[in-house]
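Structure first, commentary second.
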Amino acid sequence: DRADEATMKRYREAELTHGRVAMLATVGFLVGEKVEGSSFLFDAQVSGPAITHLTQVPEGFWALLLVAIGAAEQRRAETGWVEPENVPVDKPGQLRESYIPGDIGFDPLGLMPDNEEDLMAMQTKELQNGRLAMIAASGFMAQELVDGKGILEHLQG
């Protein structure tokens, strides 16, 4: 009862975004460990549990990663949020009226439904998969921190 529609819209945006990051992280854990030693990236020198992979990449990679994430976040902010100078001080982070949470205009495969009902159903599925991915990524990190073995090592024997 305490959250108005604008607040719920921001919560949905945040959960969709975090779920997407978690889904990518979960896939990244599995793929990163699977291609270990056979990838063309970083001369195939990155090895061990996925949780240690980022510490093994060259410093130049960090600059590229920072620029890519910054550009994506800038685009998302410009697409979804009202400019700060047009927002009352007591209502920071206001989303645009016409903005649909999660819709930043990037749909290269044309998967976004045409009507709002189907879009909400798809976003609900995405939220559920994102929640599962958040739990999976947390579990992956915890398991690798506990014993220092990769997730795939556990699955293979």
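The values are calculated or read from the model by the stated rules, or taken from the named source; none is laboratory data. Just so we're clear, the structure is a prediction, and the values are computed from it rather than from any experiment. With ideal geometry, Cβ positions are generated from the backbone for all residues, glycine too; neighbour counts draw on all protein chains shown. All accessible areas refer to the heavy atoms of the entire protein, side chains included, with ligands and DNA or RNA removed. Shrake-Rupley method; radii C 1.70, N 1.55, O 1.52, S 1.80 Å.
Please list, ordered by first then second residue, the pairs with beta carbon atoms under 6 Å, 6 or more apart or interchain, first in region 62-88 and polar (S, T, N, Q), second in a loop (DSSP other than H, G, I, E, B).
T79/I104
Scan region 88-126 for residues that are open to solvent by 100 Å² or more (accessible area, probe 1.4 Å), among the charged types (D, E, K, R) and farther than 27 Å from L30 by Cα and jot them down.
D90, K91, E97, D114, E116, E117 - these are the residues of region 88-126 that are open to solvent by 100 Å² or more (accessible area, probe 1.4 Å), among the charged types (D, E, K, R) and farther than 27 Å from L30 by Cα.
Report every pair of residues separated by at least 6 positions or lying on different chains whose Cβ atoms are under 8 Å apart, first residue within region 22-39 and closer than 20 Å to A136 by Cα, second of a type in the set (S, T, N, Q).
M23/N129
Whether any residue in region 44-52 is under 18 Å from H18 (Cα atoms) and open to solvent by 60 Å² or more (accessible area, probe 1.4 Å) is what I want to check.
Here is the first cut: in region 44-52, the ones under 18 Å from H18 (Cα atoms) are none.
Among the residues of region 44-52, not one is under 18 Å from H18 (Cα atoms) and open to solvent by 60 Å² or more (accessible area, probe 1.4 Å), which makes the answer no.
Scan region 118-140 and give yes if some residue there is in a helix (DSSP H, G or I), aliphatic (A, V, I, L, M) and touching a Phe, Trp or Tyr at 6+ places or on another chain (Cβ under 9 Å), otherwise no.
As a first pass, look at region 118-140 and keep what is in a helix (DSSP H, G or I): 118-140.
Next cut, aliphatic (A, V, I, L, M) only: 119-122, 127, 132-137.
Retained after the next criterion (residues that are touching a Phe, Trp or Tyr at 6+ places or on another chain (Cβ under 9 Å)): 136-137.
Yes, that holds for at least one residue.
Scan region 127-144 and report the pairs whose first residue is closer than 15 Å to E15 by Cα and open to solvent by less than 70 Å² (accessible area, probe 1.4 Å) and whose second residue is in a helix (DSSP H, G or I) and acidic (D, E), with Cβ atoms within less than 8 Å and a gap of 6+ or a chain change.
L127/E15; G130/E15
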